Amino acid sequence: MNKWIDQLIDLAFAEDIGDGDHTTLSCIPATAMGRSKLLIKEPGVLAGIEVAKEIFHRFDPDMKVEVLIGDGEEVKPGDVAIVVEGRVQSLLQTERLMLNVMQRMSGIATMTHRYVKQLEGTHTRVLDTRKTTPGLRMLEKAAVKIGGGVNHRIGLFDMILLKDNHVDFAGGIDKAILRAREYCREQGKDLKIEIEVRNFDELQQVLEIGGVDRIMLDNFTPEDTCKAVQMIAGRYETESSGGITFDTLRDYAECGVDYISVGALTHSVKGLDMSFKAC
């Protein structure tokens, strides 16, 4: 389990339980044993099972988790995804954290799967962005992958993405690219370099300078995207971004772009409805 997720679980328990779950401790004997099931209440794609197992076991290693439906599988109302057996106090104290994680991740996986289906028949892949919930990025990006999407980058450390502000502050396309390449050489970093272009003039500058791995076409229309892809002619990976909706997604894909980045996969998704009930 990723160390960031371990830290998140610890923080979440501290935030929720504090000095004790006084409701549970006041009315449930410490020796009471029971079983609970994760009941699905709307259709979607399940995500977060492995994190849920870690939540249960980190809180109480004696809890037994039976997985009936795994990550990435489609679910429908009435399905039971997992059954957990153990101390009733433990079941009650882990319930909300597990549900928060499972609902959020499953909502993202469901949304991503919907976008992926919309791209069927093209070679275009859907990317997430850094528009994530602070502290939950690792979970949200894992959910995108479970839903069939691709992680653009995890953070600022694993790729160079020269966006409009970087270009403007650096003094132009040429300076931004050259400085990025020099930085990688000086630091011994093997990082892919992507640059965002806002118009055909900037695109032409990138094509003349070279030295990048991917070109992001920011807020281009589908018509202009088709023209830009033809200009790039397979020399670099291509990505469309900015103002793209579910309804226009396929129009961009049919232009031949390699990737389409969609912030909505993580920044405005609805959690998948489910509950954790005694059985």
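The values are calculated or read from the model by the stated rules, or taken from the named source; none is laboratory data. Every value quoted in this text rests on a predicted model; they were computed, and no experiment measured them. Here the Cβ is made from the backbone with ideal geometry for all residues, glycine too, and neighbour counts use every protein chain on show. The area values use the complete protein model at the heavy-atom level, side chains included, leaving out ligands, DNA and RNA. Shrake-Rupley method; radii C 1.70, N 1.55, O 1.52, S 1.80 Å.
Brief remarks on what is shown
- Any hit, region 249-260, residues being part of a loop (DSSP other than H, G, I, E, B) and among the charged types (D, E, K, R): yes
- Within region 149-175, if we keep just the residues that are within 30 Å of Asp71 (Cα to Cα) and in contact with a helix residue (DSSP H, G or I) (Cβ under 6 Å, 6 or more places away or on another chain), the residue that is least open to solvent (accessible area, probe 1.4 Å) turns out to be Gly149.
- Flag for Leu92 being of a type outside the set (D, E, K, R), touching a residue at least 40 places away in the same chain (Cβ under 8 Å) and open to solvent by 70 Å² or more (accessible area, probe 1.4 Å): yes
- Against the criterion of being touching a strand residue (DSSP E or B) at 6+ places or on another chain (Cβ under 9 Å) and surrounded by 20 or more Cβ atoms within 10 Å (Cβ to Cβ), Glu202 does not qualify.
- Test result for Glu120, part of a helix (DSSP H, G or I) and acidic (Asp, Glu): no
- Criterion (open to solvent by 30 Å² or more (accessible area, probe 1.4 Å), closer than 30 Å to His113 by Cα and over 25 Å from the mean Cα position of the chain (by Cα)) met by exactly one of Gly243, Gly234: Gly234
- Test: Val101 is part of a helix (DSSP H, G or I) and touching a residue at least 24 places away in the same chain (Cβ under 8 Å): yes
- Residue in region 78-88 that is without any contact (Cβ under 8 Å) to a residue 24 or more places away in the chain and not β-branched (Val, Ile, Thr) present: no
- Complete set of residues in region 213-230 that are out of contact with any helix residue (DSSP H, G or I) (no Cβ under 7 Å at 6 or more places or on another chain) and part of a loop (DSSP other than H, G, I, E, B): Asp213, Asn219, Thr221
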